[in-house]
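A quick write-up on the structure given underneath.
The values are calculated or read from the model by the stated rules, or taken from the named source; none is laboratory data. These figures come from a predicted structure and were not determined experimentally. Note: ideal-geometry Cβ built from the backbone for every residue, glycine included; neighbour counts use all protein chains shown. Just so you know, the surface numbers come from the protein's heavy atoms only, side chains and all, with ligands and any DNA or RNA stripped out. Shrake-Rupley method; radii C 1.70, N 1.55, O 1.52, S 1.80 Å.
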Amino acid sequence: MPSRLKQKKKKSEATGQAMRLARKRLLFALIIIASAFLSFKGTASAARIPPPHEYGMVLIRNYSQKAGLAPVVFDHWLHRAMYTCRLCHVDIGFAMEAGATKIKAEHNSKGFYCGSCHNGKRTRNKRVIFDSCPSATGQEDRTRCDRCHSLGREVKRDYEFASFMKDLPKQKLGNGVDWEEAEQKGLIKPVDYLEGISIKRSSLAAQKDFSIESKSTWMSDVIFSHKKHAVWNGCEVCHPEIFPSVRKGTVNYTMFEIYAGEYCGVCHDKVAFPLLDCHRCHTKPVR
C-alpha cells in the first residue's frame, strides 16, 4: 500500500507540474500576442501579417502627394540582397524609422540618399542602376518616376519576387528566406562599400557568441552571435543608438520592450525575421 500511495503521489505531482507549465506557456503566448497588438498601435492594417513579398516593405510618402505622385514603394528584400544594412543606414544616412529621413527629389538628384546609387552611372550585377530623380521632367522621366512611385500602379519590375527568391534557402516566416544562410553560402553578396560615399576602414574583431539567460523556465536561452549580425550591420547600426552599452548585462530589456519596437525589435518584426520565430534566437547550441 505505501508504495502505491507513493506512486499515486508522484503521478499527481507530475500532473500538477505539467499543468502549471502549460498555464505558463499559455500565459506567455497571450502576453506575446497582446504585446504585438499594442506595438501595432491599434491599426488594423498594421496588425495584418504581410505576405512574403510585402514583408519589410516601406511606403515613402512625405512629399509624394504634393508632387502629384503615388507613394514610393521600397522593397527591403531586393536591396538587402545586394547591400548591407550598415551601408544604407550609416554611410548613406537613411534613418531606421519609416518617413524620418524626409527624402526629397532634389536630394536624390544631388547624389544623396537614393541618389547615392540611383544616378544612372553606378552598376550592380552588370546592370546600370537607373537614375531615380533626374533634373528634367519630360514624359519619359515621369514614366521613370513610376518605377519607385508605384503604389497602386502596374509597374514592370526588373526583379520579380518569386523568380528572385526561388533558389535561395527557405524559412517559414518573414520573406520566407533564410538570409543568413544565403549569405554564408555566397548565394547573395551584399556590398558594404560604396565608392565616393563610404570611408575605407579595417573591420573590428567580432566578439565571441554569448548566451543571454531566459527568465522563463519554458524558454531556452538566447545565443547571440556578433559575427552573424556584423555581416549586415557592422557595429555602428546597433551601437550606441539601439544598444547604448557594449558591455554584456548593462542594458536590461524584456519582450514587452522588444515587441514595442525597441532593442532587437528595431529590426526584427520589420525587416529581419519576425519575433514570432522564437527558435531562431532561443536556441542551443549555436545553429
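Things worth noting here:
- Within segment 231-239, none of the residues are open to solvent by 40 Å² or more (accessible area, probe 1.4 Å) and either of a type in the set (Ser, Thr, Tyr) or over 25 Å from SER116 (Cβ atoms) (or both).
Quick grid of which residues meet (1) crowded, with 19+ Cβ neighbours inside 10 Å; (2) at pLDDT 95 or above:
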position: GLU54; (1), (2): no, yes
position: PHE94; (1), (2): yes, yes
position: GLY120; (1), (2): no, no
position: ARG124; (1), (2): no, no
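- Hey, ALA206 surrounded by 11 or more Cβ atoms within 10 Å (Cβ to Cβ), in a helix (DSSP H, G or I) and among the small types (Gly, Ala, Ser) or not: no
- Filter result (over 30 Å from CYS114 (Cα atoms) and touching a Leu at 6+ places or on another chain (Cβ under 8 Å)) within segment 173-218: THR217, TRP218
- Complete set of residues in segment 242-281 that are within 18 Å of SER220 (Cα to Cα), open to solvent by 40 Å² or more (accessible area, probe 1.4 Å) and outside any loop (DSSP other than H, G, I, E, B): MET255, PHE256, CYS264, CYS278, HIS279
- Single match in HIS268, HIS239 (criterion: within 20 Å of GLU183 (Cβ to Cβ) and without any contact (Cβ under 8 Å) to a residue 40 or more places away in the chain): HIS268
- For PRO134, the test of being touching a Lys or Arg at 6+ places or on another chain (Cβ under 6 Å), open to solvent by less than 40 Å² (accessible area, probe 1.4 Å) and of a type outside the set (A, V, I, L, M) is failed.
- Within segment 56-92, no residue satisfies the criterion of being in contact (Cβ under 8 Å) with a residue 60 or more places away in the chain, of a type in the set (S, T, N, Q) and open to solvent by 20 Å² or more (accessible area, probe 1.4 Å).
- Identity of the residue in segment 126-178, small (Gly, Ala, Ser), at pLDDT 90 or above and not in a helix (DSSP H, G or I), that ends up farthest from the chain's Cα centre (by Cα): GLY152
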